1. Between A:LEU89 and A:ILE172, what is the spin-label point distance in nm, taking each point 7 Å from the Cα along the Cα→C-beta axis?
2. If we sort A:186-194, A:130-138 on the protection proxy, mean other Cβ atoms within 10 Å, highest first, what's the order?
3. If we count other beta carbons within 10 Å of each Cβ, what is the order of B:MET48, B:MET211, fewest first?
4. Suppose every Lys and Arg Cβ carries +1 and every Asp and Glu Cβ carries -1, with no other charges. What dipole size does segment A:2-227 come out with about its Cα centre, to the nearest 20 debye?
5. Averaged over B:171-184, how many beta carbons belonging to a partner chain fall within 10 Å of each residue's beta carbon?
6. Helix A:2-15: angle to the longest alpha-carbon principal axis of chain A, degrees 0 to 90, nearest 10?
7. For segment B:80-169, rounded, prolate or oblate, judged on the Cα gyration tensor with a ≥ b ≥ c (square roots of eigenvalues), a/c < 1.5 rounded, else prolate if a/b > b/c?
8. Could you give the distance between the Cα centres of segment A:141-169 and segment A:72-98, to the whole Å?
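Bear in mind that the values in this text are calculations on the coordinates, not laboratory data. Remember, predicted model here, so these are calculated numbers, not experimental data. Note that we place each Cβ from the backbone using ideal geometry, even for glycine, and neighbour counts take in every protein chain shown.
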Amino acid sequence: MRKSIFLLIMLAGTTLSARTNDSSGSSVTVLGNYGYNNTWRNYGGLDIRGFVPFGKHFELKADAEVLTAGVFSGSVTFTPKFPLPVGELFLDGTLNYRNLFKYKSAEFVTAASFGYRMDFVSVQAGLFYRGIFNTDRNAEGPYVGEKPVDMVYRVSFNVRPSTSRWNAGGGITNYNEYEYERMWQPMFFIDGHYDLSDSLSLLATVQVKQSGMFHQIVSFYGIDTKVGLRYEF
Amino acid sequence: MNSERRDMKRFLIIAVLFSGLTACDKYYFRGMIAPEGETANQRFEQSMEYNAIHGNESVKAGSDNYLLYVFSDTHIDGSTNNLDRFVNAYLSDIQASPFLLCLGDLENGKDGFGTFTSHTAPIADAGRRLFLTAGNHDLYFGRWKDFRSNFNASTYWFEVVAPSAKDLYISLESGGGTLGTSQRAWLENILEEKSGAYRNIIVFTHTHFFMKDFSQGHTSNFALEETYDLADLFSRYGVDLVISGHDHYREDTLFKGVEFLVLDCLEDNADNASYAILSIGDNIKVNFIDIK
């Protein structure tokens, strides 16, 4: 038991440091998107993100994405955060709208989640609610409210401290800026950045979604890649 | 309260199984990580091979309004009490149609489908036809081969010819949580070719599309993209009813003009075991029959 506690402390000591957030100023990010999945096949898209910090304790993020698959998504996230001696606690409150105009359907998600992020590891868990709308006025059945709350989660790691000029990592989650999957539909991702200058960074992320994981007959469903630039003011 | 206790018990059992503390012949955890066996496209092609040789069936209904018995998720694991009750009820109903539907997850474990087949044999002996589709429990442990050898195909269509109307029934194989690309393309072709020629179009499959409550345990659904795509496809081609199981708890949802019906399970020892009798006519009505 003592040995286990010692190992845990050593692990924490070697992986945590005080600096936790790699974006200290306002920024705009533009990403190009290419993806493939079994439903949409090949698709592309454009992703624009804005980030504004308000002092040490608040952040505001706004994201918008258009895909050639006939999907528009937008979300706003307000984040109170609480710096700790090691890492910081944060609370994400998100409103997400996704219009799948190709399918004459839309969904609205409200999510709230607590998280704890450090240099090398970040964990987040919370709840979300999804309402599904029929935007085809000629068809009956205007609305489906999915279960009162579903779980949202994200566990990620980085290979270097967040102050590093470049970093890479990965993790597992059931959501991203534009899509909240059901709890039992996890997605795996790897991501990274390289600071080209003090204000300009190159970003990339790859996300993989499988089908039937909790059917216990998993198969590849889709991959989504994004590459772009972030400009920090 | 009982259902909450049951859900908690089920959760604890699953948690222990996931921990690897017990050997398990009901769940196939490796299947959560590594793709194994036939892909959805391969299973579809094998169903099509059977269909190409044997053709699509046509069933006669005695009247324009008929009663359709549907059941799902028997998960036979030793006892067959609920299945036997269901078969007896069906065969003793003189108004029942000469065919019925089963929405998958016939058995637990990996011992094959012999018990299910032997206990549903009286249906065939009475000259009636049981149409099945595979659930996820019928696929992992490499059981698709066994399913095929017993039940031939999981993707197919058949028609019901009543005196002055015809209904189209389409079976989709969604046991892997996806239709796959080939079956999706086939489905659209069938709907494009046949919609308009039938009074009702009824799709039946294992995996359900929406989840409006906490009833579903730890099992997955279609990816969201596929959910929206299929819901739109059904709506565009005038599908009247989509029947699923998998959730083990009944649910009835109308979305974009399509009724999505989820059945309870017929598993022994389930508090909510039931089956459905659908009254099929110009309108479709659903009646759940609880098994106490």
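1. Using points 7 Å along Cα→Cβ, the separation is 2.6 nm.
2. Top of the packing list down: A:186-194, A:130-138.
3. Lowest count first: B:MET48, B:MET211.
4. It works out to roughly 420 debye.
5. 4
6. Roughly 80 degrees between the two axes.
7. Cα axes put segment B:80-169 in the oblate bin.
8. When both Cα centres are located, 10 Å separates them.
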